[in-house]
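Asker: Would you mind keeping the following structure in view while I ask a few things?
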Amino acid sequence: MDLFGVSMVVPLLNLHVRSLGVSPVVAGIVGSSYGILQLFSSTFVGCWSDVVGRRSSLLVCILLSALGYLLLGMSTNVFLFTLARVPVGVFKHTLSISRALLSDLVTEKERPLVLGQFNTASGVGFILGPVVGGYLTELDGGFYVTAFICCSVFLLNAGLVWLLPWRETSLNIPDNGWSLDGKHTTEPIKSEGTLQGAATTSTARRSERTVQAPWVEVMLALKDMKNLIFSVLWDVFLMRLLMGVAVMLYYSNFVLALEERFEVRPKTTGYLISYTSALGTLAGFAVGPILRLYKHNSYMVLLHSSVLTCLLLVVYSTTCSMAMVVFSSTLLSFSTTIGRTCITDLQLSVGGAQASGTVIGVGQSVTAVGRILAPLLSGVAQEISPCGPPSLGAALALVAILIMTLNRPPFSGDGSERLKQE
């Protein structure tokens, strides 16, 4: 439901801001505001969810994101459009918190498969959303109606989070089960494999200091993660940044580029986006078998999916045939879905389960840097050619592949080995 609402609006943002009378460069700067806010909020919100519990943080994020889409439905000028992106940029971390919750609930070996299934469920929302958004945007005032519908979907989601039966595992809460929500306290539960050890480590660390205010707990957790992030995860985050920007450049002007290059209407492009989203959903089911084929070596799966993504971006950028656009988009839906799952699994494998919310939050901050850079680079590249953004994306993907090739980690599928060596 989350991505159904978002996918109605996001593909139309660039088209809408251009309709407000701004140049591609200004549109890129406005688009970067979302990434800037995500940069400063992702790690903090992820760590906050480690401290106060997933349910409370998820509910707050959904409600304030709904406010942002409500304001977007009133954005009749660039100032209001930028203002509407503020609450969404700060609090749209619903998927990150959900991934952290899933990481709490499963063992390390099960995690890639479960994350793949989660991405599959998320992709279902992307099947219908672009079709609805593309249809509505061709109506008079259609973009504003689409934004209001997205707001309503988020409010419905908040109601589901509040009303449905809820049980979560939190590996980083105080021993007394403190929670923002007095009625639904969170209690640690035992698990197996790496999670049990992580919980033991977390409990031992908590017993050495007294229970403090939640914001103090957040800052302490962030401080604990600093050395881990910069000494162990730098290469994983760099790969995430480069591949993230590459894919964002491909999507940044997708609707506009197809209209300029092939005279394809937004409604038809919406059908194409939904088609590729459906394929991305199916790709989520393939993650488990592919990892078994690679003997759970997420790094090699990520490397090969990145090579495929790079080649497909080159094909999309240079083709003069709409059939080749459909072909490249079809395979890109597979390669990007698999790559996204593997990079998340690598982060959690190397970073450890005891601070999954923080690790995913830092990963989202890296993605936020990409969301800052991608609109700016896309705006400049579009001044040259509609094919400029995906061509630049292919170049960045090639750099990421070279880094992955030259800096292969001394582990296969188990991130704990790397932590021992560090």
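The values are calculated or read from the model by the stated rules, or taken from the named source; none is laboratory data. Values in this document were obtained by computation on a predicted structure and should not be read as measured data. Cβ coordinates were reconstructed from backbone atoms using ideal geometry, including for glycine residues, and neighbour counts include every protein chain displayed. Only protein heavy atoms, including side chains, enter the accessible area calculation; ligands, DNA and RNA are left aside. Shrake-Rupley method; radii C 1.70, N 1.55, O 1.52, S 1.80 Å.
Asker: Considering only residues of the range 39-53 that are closer than 22 Å to V10 by Cα and at pLDDT below 85, which is most open to solvent (accessible area, probe 1.4 Å)?
Answerer: Of everything passing the filter in the range 39-53, F40 is most open to solvent (accessible area, probe 1.4 Å).
Asker: Got a number for residues in the range 61-80 being open to solvent by less than 50 Å² (accessible area, probe 1.4 Å) and more than 25 Å from M248 (Cβ to Cβ)?
Answerer: Taking the range 61-80 first, the residues open to solvent by less than 50 Å² (accessible area, probe 1.4 Å) are 61-62, 65-66, 68-69, 72-73, 75, 78.
Adding the requirement that they be more than 25 Å from M248 (Cβ to Cβ) leaves none.
Final tally of qualifying residues: 0.
Asker: When only residues in the range 113-125 that are at pLDDT below 85 and over 18 Å from Q364 (Cα atoms) count, which is farthest from the chain's Cα centre (by Cα)?
Answerer: Result: L113.
Asker: Which helices (runs of 4 or more DSSP H) does the range 230-293 wholly contain that include 1 or more residues that are touching a residue at least 60 places away in the same chain (Cβ under 8 Å), open to solvent by less than 30 Å² (accessible area, probe 1.4 Å) and over 20 Å from C320 (Cα atoms)?
Answerer: 234-252, 266-293
Asker: Sticking with this structure for a sec: Would you mention how many residues in the range 241-263 are modelled with pLDDT of 90 or more and either β-branched (V, I, T) or under 14 Å from A400 (Cα atoms) (or both)?
Answerer: Number satisfying all stated conditions: 7.
Residue-by-condition table, conditions (1) open to solvent by less than 20 Å² (accessible area, probe 1.4 Å); (2) polar (S, T, N, Q):
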| site | (1), (2) |
| --- | --- |
| T82 | no, yes |
| V86 | no, no |
| K92 | no, no |
| I97 | yes, no |
| S103 | yes, yes |
| L113 | no, no |
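Asker: Still on this structure, I have one more. Mind listing whichever residues of the range 132-150 are over 19 Å from the mean Cα position of the chain (by Cα) and open to solvent by less than 40 Å² (accessible area, probe 1.4 Å)?
Answerer: Selection gives G133, G134, L136, T137, G141, G142, F143, T146, A147.
Asker: Then there's this: I need every pair where a residue in the range 136-147 that is without any contact (Cβ under 8 Å) to a residue 12 or more places away in the chain has its Cβ under 7 Å from the Cβ of a residue that is part of a helix (DSSP H, G or I) and hydroxyl-bearing (S, T, Y), sequence separation at least 6 or different chains.
Answerer: From the range 136-147, no pairs qualify.
Asker: I would also like to ask the following. For the range 379-393, what are the residues that are part of a helix (DSSP H, G or I) and surrounded by fewer than 22 Cβ atoms within 10 Å (Cβ to Cβ)?
Answerer: V380, E383, I384, G388, S391
Asker: State whether one or more residues within the range 78-97 are of a type in the set (S, T, Y), within 15 Å of the chain's Cα centre (by Cα) and closer than 27 Å to H296 by Cα.
Answerer: yes
Asker: Please determine, by comparing only the residues of the range 19-34 that are open to solvent by less than 50 Å² (accessible area, probe 1.4 Å) and among the β-branched types (V, I, T), which one is nearest to the chain's Cα centre (by Cα).
Answerer: V30
Asker: Can you confirm whether the range 92-100 contains a residue that is within 13 Å of V6 (Cβ to Cβ) and touching a Ser or Thr at 6+ places or on another chain (Cβ under 6 Å)? Quick ask: steps written out before the conclusion?
Answerer: Taking the range 92-100 as the starting set, the residues that turn out to be within 13 Å of V6 (Cβ to Cβ) are 92-95.
Adding the requirement that they be touching a Ser or Thr at 6+ places or on another chain (Cβ under 6 Å) leaves 92.
Within the range 92-100, one or more residues are within 13 Å of V6 (Cβ to Cβ) and touching a Ser or Thr at 6+ places or on another chain (Cβ under 6 Å).
Asker: Answer yes if at least one residue in the range 283-293 is β-branched (V, I, T) and at pLDDT below 90, and no otherwise. It would help to see each step written out before you state the result.
Answerer: Kept after step one, since they are β-branched (V, I, T), are these residues of the range 283-293: 287, 290.
Next, only the ones that are at pLDDT below 90 stay: 287.
Yes: one or more hits.
Asker: How many residues does the range 304-327 contain that are within 22 Å of the chain's Cα centre (by Cα) and either under 19 Å from L272 (Cβ atoms) or at pLDDT below 95 (or both)?
Answerer: Looking only at that region, the number is 3.
Asker: Separate question: Give me the pairs: first residue in the range 35-51 and without any contact (Cβ under 8 Å) to a residue 12 or more places away in the chain and over 16 Å from M248 (Cβ atoms), second residue open to solvent by 10 Å² or more (accessible area, probe 1.4 Å) and not in a helix (DSSP H, G or I), beta-carbon distance under 8 Å, and six or more apart or on different chains, which are they?
Answerer: Partner pairs satisfying both residue conditions: none exist.
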